[in-house]
Structures are given as C-alpha cells and as structure tokens.
Amino acid sequence: MPLIPLLSAKILAPVVAASALTAAATARTTTAGTLPPDLPAPPALVSATSLSSPRAGAAFAGLPQVGALVWQNLDGTPGKRLCSAVAVDSPNGDLIATAAHCVAGVRATVGGPMAVAYLPGWDGSSTPYGVWYPTRVIRAKQWSASKGGNPDFDISFLTVFRKDDPRPLETVTGAERFGAIPAPGTLTVQLGYADDGQAPLVCRSTMGFHSRTQLRVVCDGFPAGTSGGPLLTNVDPSTGIGTLVGVVGGYQQGGAGPAISYAAAFTPAIQSLYREASRY
C-alpha cells in the first residue's frame, strides 16, 4: 500500500498493520548500571547537571545505550533511518524500547519488506556496536485497539540479537534502568537521531507535563527521526546510564514541531507491559 508521511509525528516514515512475529532469542543475564569493559565514558553534554544553554539539541558522539532504528534493505543490511531507540535493562539483556508508532506493522525478521534493525551508538557513518535484529515486538493491546494508536501507550519493546554473536545486547552496550513517572522539574536528558543530520542529538531540560499521562520536554531541534528517543534522569557521569522515564511519542506522536517533545508516562499499565516484555 502507498506510504503517506505523517507530518505531525517525529518519525521518518509511516507504517501499516501489524504482522506475525518470530520467537525470541535466548541471552545471558547482566547487571543494570554497569558498563561492559572498554566502553567510553559519556560526554559532558550528556552527564552534566545543568540545563543546556541554549535549550536545544546539540550534536555529540553518541552513547552505546542509544541508537538509530532503521529500515532493513531487502537483503537485511541497514537502510533508511526510521526512528530512535534505547537499550533497557532486562533479565535476558536483549531488550530495546522505542515508540509504538515507529514499529506498528514491522516484521521481526532478517531481510524482506517492513523489517527494521537497531544500530546502537551509531555516529552517522559507522556502527561501532554492530547491527541488531528484532526477534519479537511487544506492544500494548490498548495501542493496537485504538484507531491511530492510543497516545498513552505509545511505547513498544523489541528483543534483539546480533548475527554470529551469542552475547546479549546489554553485555555489549550496557542498558538504561526502566523508571517511573518523574517529578515535575526533574533534570531530563533527551537524546535522539534527527532526519536532517548525521550525529545524534542531546539536550538537558526540565520535565514538564502536558497531562497526567503525558510528559512534556522543551528542547528545540528535535524533528522527525527523534521519535522513540529516550528521556533519561539521574544519569551517571561515569557510565552514561540513567533512568529511562519516557520515549518520545504519545501526544501528537511525539510533537508537531521540533521545539517540544512528548512521551507517554510510565503508568502502572506501562510498567506491566515492561515486565511482560522482560519475560521473553
């Protein structure tokens, strides 16, 4: 079917109805809050404790825990950019999170149409931590049951693997802790990959609320492509690992313009979805 751009969403391309998914891969357990050996310390742009000035996204070298979500070419190689995503701590160490509107209809396969890949730490030209492929997509029934998607459930989890490597993602890149609803005014680090640039973007702002179930962050310069990017609090300056409190999405599928971003708050229902995804 024809693909019509969604101008109100921070997404590079729309998607269609859901498809059947393959079984999850088995992985080892790792510990949240620790980095695998030989990973670089986070840049000051991420780990600083002051607000960004100006309050806008700045290009930086990237974090291993955050990556670009891209379409696969038919042969399984990485293709055009779609959204952003983030590694999340789980018992199996193979879990990433992104916006549900980014992966509605994707197929959890290697190669073929409507398939995606995850590029952690992508710097615009290289994939320092490899290419990871989904084995399962977990989304809320409330999202799928609502026409256009329920914005309060605009988050999906994907289990991923890397070809010819038995190690789970978390032992390679580290992963963010899954959090809860933050207090208003909490210092928040927003990250993502814009469609009009190569390097990832970072901005430090304060947490606000559009509604009881929708987070709101004011950081300019986060246009299409930044959907699914993480909102982090309590970032450790030595590891870059913090607490994930949202992924860009929700109201207006993340925001109608580049200056304001939204995310579904991690309500008890979202917490339950995370626990379900962690069991795979």
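The values are calculated or read from the model by the stated rules, or taken from the named source; none is laboratory data. Here the structure is a predicted model, which means the values were calculated and not measured. Glycine also receives a Cβ, built like all others from the backbone with ideal geometry; neighbour counts cover every protein chain displayed. Keep in mind that these areas ignore ligands, DNA and RNA; they rest on the heavy atoms of the full protein, side chains included. Shrake-Rupley method; radii C 1.70, N 1.55, O 1.52, S 1.80 Å.
As a check on your grasp of the helix formula, calculate [θ] at 222 nm for the chain: sum -39500 (n - 2.57) over DSSP H runs of n ≥ 4, divide by the residue count, round to the nearest 500. Write out the running numbers ahead of the final one.
Working: 5 runs with 29 residues, N = 280.
Theoretical 222 nm ellipticity from helices: -2500 deg cm²/dmol.
Once the Cα atoms of segment 121-167 are picked out, what are the Rg and Dmax in Å?
15.0, 39
Which trypsin sites (Lys or Arg not before Pro) from segment 44-114 combine a DSSP loop assignment with at most 16 other Cβ atoms within 10 Å?
Numbers: sites: Arg55, Lys80, Arg81, Arg107; in loops: Arg55.
In loop regions of segment 44-114 (DSSP not H, G, I, E or B), the sparsely surrounded trypsin sites (Lys or Arg not before Pro) are Arg55.
For segment 156-280, report the translational diffusion coefficient in µm²/s to the nearest whole number, using Stokes-Einstein at 37 °C, 0.692 mPa s, and a Kirkwood Rh over Cα pairs. Don't jump to the answer; show the numbers that get you there.
Numbers: Rh = 15.2 Å.
For the chosen part, D equals 216 µm²/s.
On the accessible surface of the chain, probed at 1.4 Å, how many percent belong to carbon and sulfur atoms?
Carbon-and-sulfur percentage of accessible area, whole number: 56.
Show me, for segment 132-140, the HN-Hα J-couplings you get by feeding each phi into the Karplus relation (A = 6.51, B = -1.76, C = 1.60, θ = phi - 60°), rounded to Hz, glycine and proline as x.
Taking θ as phi minus 60°, the curve returns 10, 10, x, 10, 7, 10, 10, 10, 6 Hz for segment 132-140.
Please report how far the C-alpha centroid of segment 208-227 lies from that of segment 237-280, rounded to the nearest whole angstrom.
10 Å
Would you compute the Debye intensity of segment 206-280 from its alpha-carbon atoms alone, equal scatterers and no solvent, and pass along log10 I(q)/I(0) at q = 0.14, 0.16, 0.19 Å⁻¹ to two decimals?
Here the Debye-derived log intensity ratios amount to -0.47, -0.61, -0.83.
Using only Cα atoms, figure out Rg for the chain and give it as a multiple of 2.2 N^0.38 Å.
Taking N as the residue count of the chain, the ratio is 0.88.
Starting at the first residue of segment 77-90, write each ³J(HN,Hα) from the Karplus equation 6.51 cos²θ - 1.76 cosθ + 1.60 with θ = phi - 60°, in whole Hz, x for Gly and Pro.
6, x, x, 5, 5, 10, 8, 10, 7, 8, 6, 10, 4, 7
Step through the residues of segment 47-59 one at a time and calculate ³J(HN,Hα) from phi using the Karplus curve (6.51 cos²θ - 1.76 cosθ + 1.60, θ = phi - 60°), rounding each to whole Hz and writing x for Gly and Pro.
The phi angles translate into 8, 5, 9, 10, 6, 5, 9, x, 7, 8, x, 10, 5 Hz.
Return the single residue from Leu119, Leu51, Leu232 with maximal mean-square fluctuation; model: Gaussian network over the chain, springs between Cα atoms under 10 Å.
Of Leu119, Leu51, Leu232, the most mobile in the Gaussian network model is Leu51.
What's the center-to-center distance, using Cα atoms, between segment 126-199 and segment 93-121 in Å?
Spelled out, the Cα-based centre of one part sits 9 Å from the other.
For segment 155-214, which trypsin sites (Lys or Arg not before Pro) are both in a DSSP coil and crowded by at most 12 other Cβ atoms within 10 Å?
Lys163, Arg212
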